[in-house]
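All of the numbers you see were taken from the coordinates with simple rules; none came from a lab. From a predicted model like this one, the values you see are computed outputs, not experimental measurements. Note that we place each Cβ from the backbone using ideal geometry, even for glycine, and neighbour counts take in every protein chain shown.
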Amino acid sequence: MKKYILITAVLMAAISADAQQIAVIKRNGYKLVFFNQERKPDTALQTRMINTFFNVYPTLAAEYNPKTLREVMITIDTAYKGVAETDKGSVKISSAWMHKHPEDIDVITHEVMHIVQNYGESVGPGWLTEGIADYARYKFGVNNPAAGWSLLAYKSTQNYDNAYRITARFLLWIEEKVKPGTVKTLDAQLRAHTYTNESWKQLTGKTVDELWKSYSEKPEV
Ligand SMILES: [Zn+2]
């Protein structure tokens with residue numbers, strides 16, 4: 001309920017500023033409220049972002065969490081200094097970042113994966129949440145090569161809890177070399193708040209430290 005009140009308030013404020021900046025799009029049972037704060041939105045880029053959402057979000061939902069929210073809001077924020085962040089069903093993306101990196105469209109894939117994850121007050125570590133989101137971007141992203149985005153090759157200075165693309169590559173290695181389906185199970189456990197440090201051993205027969213040691217010895221994927 002709170003979410004709807006918030007979205008309504010944002011919409012009202014935006015409509016009074018410039019009705020052109022709001023797009024409400026419904027496709028295949030999903031609804032996207034796209035709020036672009038730019039004075040002169042780049043409509044081609046905006047269309048690509050909207051299409052990316054409708055391409056990846058239902059796929060991520062089907063793969064990880066069919067009960068995920070049906071309504072999402074994406075704001076292209078002109079004042080935001082970060083790259084992107086997500087809070088419940090609302091994604092904020094830096095306008096400046098997107099204009100500097102227009103091919104980095106899968107920022108959306110990473111961020112909407114956080115909506116699908118829906119870990120709430122997570123019982124798991126933040127590095128794993130971010131690693132899973134980048135694993136999902138790797139697996140389901142639509143434009144990663146053009147963006148120059150890839151998982152980070154193994155280096156001896158890394159550790160599994162470095163998060164993002166380092167953790168994501170470790171997860172990929174587990175999927176390929178140890179136990180397929182581990183990411184989906186970890187994700188489900190995190191959402192159900194049943195994840196513990198023991199999960200790794202239960203799922204793969206090895207602790208996370210043992211897995212990392214094996215990965216460091218033979219990190220090919
Ligand atoms: Zn993230």
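See the values below:
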read-out	value
Charged-residue dipole, Cβ positions (Lys, Arg, Asp, Glu), the stretch 100-141 about Cα centre, Debye nearest 20	80 debye
Stretchable slack from N55 to E121, in nm (0.36 nm times residue separation minus alpha-carbon distance)	21.0 nm
222 nm mean residue ellipticity, helices alone, for the chain (DSSP H n ≥ 4; -39,500 (n - 2.57); rounded to 500)	-15000 deg cm²/dmol
Length added when fully stretched, V83-E220, from 0.36 nm per residue minus Cα-Cα	46.3 nm
Antiparallel DSSP beta bridges within the chain, as percent of all bridges there, nearest 5	50 percent
Dimensionless Rg ratio for the stretch 114-221, taking C-alpha atoms and the 2.2 N^0.38 Å reference	1.02
Cβ-Cβ FRET estimate between T196 and N159, R0 fixed at 22 Å, reported to 0.05	0.65
33 Å tail of the calculated P(r), the chain, as % of Cα pairs	20 percent
Cα shape, the stretch 70-169, gyration tensor, a/c 1.5 rule	oblate
